[in-house]
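Visitor: Sharing a structure below in structure tokens format, with a few things to ask.
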Amino acid sequence: MLRLLDIVYSFDPTEAEDLIEAWCATLPAAAATETEGEWVRADIEEHVRDEHSTYTWLLEPPMGGPRWVCSPDLAPLGRVVLI
């Protein structure tokens, strides 16, 4: 089993700017607590800028098709992949 844990965009690249901005707008500017795993706007902005996540339509063919398990906190913007 290959386990890939990353953000994989499930929208068309032409929608990226609007959808990522909408996602960032839902997050606080700063964490309310020091809880590990609590994402803030700067985390998403850094990820988009530096991590170069891919799109489902690029990842699916080499993996033999879609085999996705969505992470509720990221859907519909991204997915956690279990293959």
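The values are calculated or read from the model by the stated rules, or taken from the named source; none is laboratory data. This one's a predicted model, so the numbers in the text were calculated from it and none came from an experiment. Positions of Cβ are generated from backbone atoms using ideal geometry, with glycine treated the same way; all protein chains shown enter the neighbour counts.
Visitor: Condition first: within 15 Å of the chain's Cα centre (by Cα), in a helix (DSSP H, G or I) and either at pLDDT 85 or above or surrounded by 10 or more Cβ atoms within 10 Å (Cβ to Cβ) (or both). Can you find one or more residues in the stretch 30-42 that meet it?
Guide: Yes: one or more hits.
Visitor: Select from the stretch 3-22 the residues that are within 13 Å of the chain's Cα centre (by Cα) and under 10 Å from W57 (Cα atoms) and write down the one among them that is surrounded by the fewest Cβ atoms within 10 Å (Cβ to Cβ).
Guide: F11
Visitor: Among the residues of the stretch 43-83, which ones are modelled with pLDDT of 65 or more and either on the phi > 0 side of the Ramachandran plot or aliphatic (A, V, I, L, M) (or both)?
Guide: Passing the criteria: I44, V48, H52, L58, L59, M63, G64, G65.
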